[in-house]
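Working notes, beginning with the structure itself.
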Amino acid sequence: MKELVILGAGTAGTMMAHKLAKMLSPEQWHITIIDRDDDHIYQPGLLFVPFGMYDPDELVRPRTRLVPPTARLLLDGIAAVDPDEKTVTTGAGEVIHYDILLVATGTRTAPEETEGLTGSGWYDTAFDFYTMPGARALHDKLIWWKGGTLVVNVVDMPIKCPVAPLEFLFLADAFFTERGMRDDVRIVYATPLDAAFTKPRASAMLGRILEERGIEVVTEFHTARVHGSSRKLEGFDGREVDYDLLVSIPLHAGAEVIADSKLGNDLGFVPTDKHTLQ
Ligand SMILES: Cc1cc2nc3c(=O)[nH]c(=O)nc-3n(C[C@H](O)[C@H](O)[C@H](O)COP(=O)(O)OP(=O)(O)OC[C@H]3O[C@@H](n4cnc5c(N)ncnc54)[C@H](O)[C@@H]3O)c2cc1C
């Protein structure tokens, strides 16, 4: 019997488990898929939680219901991967040998990598919405917020779903308009890109819509540090952006276990051939 081990039962790991369960003979292949818990979060829905458009519970499904029944779902942390020995060690100490390993541990936000971001004001005047705790905390803040300068800041690229910050800006514009307080809110988008979006045509169109909605764009802003107590972003070029409420899209990184194994780079991303993903 050969062993296929999938690390991560998120979107990619779950989809691949289904595809491979159909393609591989169960007499020849045994599939194990590992994730730390049973909560699959539908991440695109996190955009809507801050504005009360989704209840957090609506975004969570048990992984046990989502993976193919022929695969073994192991709910445990992935503690180590040894590509030389072809083994994966779980948090509980189980050592699993693999013939083929599929890395689907996704990306995580790393707000602690930006000086000051998780210091004074974190989850009080500075939030993220790419995580469930962040999206929930931001919702609790927004329903009572009286207005001021809202800054949405992408710390650095790449991020998952580069359009999500723009969607957030438009949702914020609609949210404050509906609450009759749009005139009390200045919305600023501080991005490391040289335009609103990554692609030139979309950038031109989106830039125009942002302008029509009165959303200011600060381009090529590379966040060096956050001064939480004086509510200021400082860029590497010395520019400063003041805020009353900061919504940060923090630096993204891969799983630490991938960085620690010999598979990934320092950020935990696995360099691959983009045509084969090998
Ligand atoms: C706000 C937001 C909006 C988005 N909107 C869209 C959209 O509109 N369209 C779109 O296509 N995409 C969107 N995305 C992106 C999409 O959600 C991701 O691209 C997708 O979830 C990536 O799937 P993945 O399987 O690679 O990673 P994930 O779904 O994150 O899964 C990785 C899994 O690995 C597990 N894992 C990691 N490390 C360990 C460890 N050490 N031990 C055990 N388990 C571990 C995690 O628990 C997780 O379940 C959005 C994302 C966000 C945050």
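Numerical summary
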| read-out | value |
| --- | --- |
| Filter on Lys160/Lys274; Lys19/Lys199; Lys199/Lys274; Lys160/Lys199; Lys22/Lys274; Lys141/Lys199 - keep pairs with C-alpha separation over 22 Å | Lys19/Lys199; Lys22/Lys274; Lys141/Lys199 |
| Aspartates and glutamates with Cα under 12 Å of Lys86, excluding same-chain neighbours fewer than 8 positions away | Glu3, Asp99 |
| Rounded to 10°, Cα long-axis angle of helix 132-142 versus longest principal axis of the chain | 20 degrees |
| Positive minus negative residues near Pro192 (Lys, Arg vs Asp, Glu; Cβ under 13 Å) | -3 |
| Electrostatic dipole magnitude of segment 1-93 [Cβ: Lys, Arg +1; Asp, Glu -1; Cα centre; debye, to 20] | 380 debye |
| Contact order normalised by residue count of segment 101-190, Cα under 8 Å, 6+ apart, percent | 27 percent |
| Segment 109-252, relative contact order [Cα under 8 Å, separation at least 6], % | 39 percent |
| Summed side-chain charge close to Ala259 - residues other than Ala259 whose Cβ falls under 14 Å, Lys, Arg +1, Asp, Glu -1 | -2 |
| For the chain, Kirkwood radius (reciprocal of mean inverse C-alpha pair distance, Å) | 20.6 Å |
| Accessible carbon and sulfur surface of the chain relative to its total accessible area, %, 1.4 Å | 52 percent |
| Beta bridges per DSSP with both ends in the chain, % antiparallel, nearest 5 | 40 percent |
| Nearest-ten-degree value, helix 11-23 long axis tilted from longest Cα axis of the chain | 30 degrees |
| Pairwise FRET efficiency - Arg186 versus Arg239, Cβ, R0 = 22 Å, nearest 0.05 | 0.85 |
| Furthest towards positive pole of dipole, Ala190, Thr223, Ser261, structure part the chain, Cβ charges | Ala190 |
| Environment charge of Val67, counting only residues whose C-beta is closer than 15 Å and scoring Lys/Arg +1, Asp/Glu -1 | +2 |
| Relative contact order of the chain, defined on C-alpha pairs under 8 angstrom at six or more residues apart (%) | 20 percent |
| For segment 208-270 and segment 4-61, distance of Cα centres in Å | 27 Å |
| Global size of segment 109-252 as Cα Rg and Dmax, reported in angstrom | 14.0, 39 |
| Order by protection proxy (mean Cβ within 10 Å, highest first), peptides 38-44, 168-174 | 168-174, 38-44 |
| Accessible area per residue in Å² at 1.4 Å probe, computed on segment 109-252 | 47 Å² |
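The values are calculated or read from the model by the stated rules, or taken from the named source; none is laboratory data. On a predicted model such as this, the values are computed, not experimentally measured, just so you know. So basically every Cβ, Gly included, is an ideal-geometry build from the backbone, and we count neighbours across all protein chains shown. Ligands, DNA and RNA are excluded from the accessible area calculation, which covers all protein heavy atoms including side chains. Shrake-Rupley method; radii C 1.70, N 1.55, O 1.52, S 1.80 Å.
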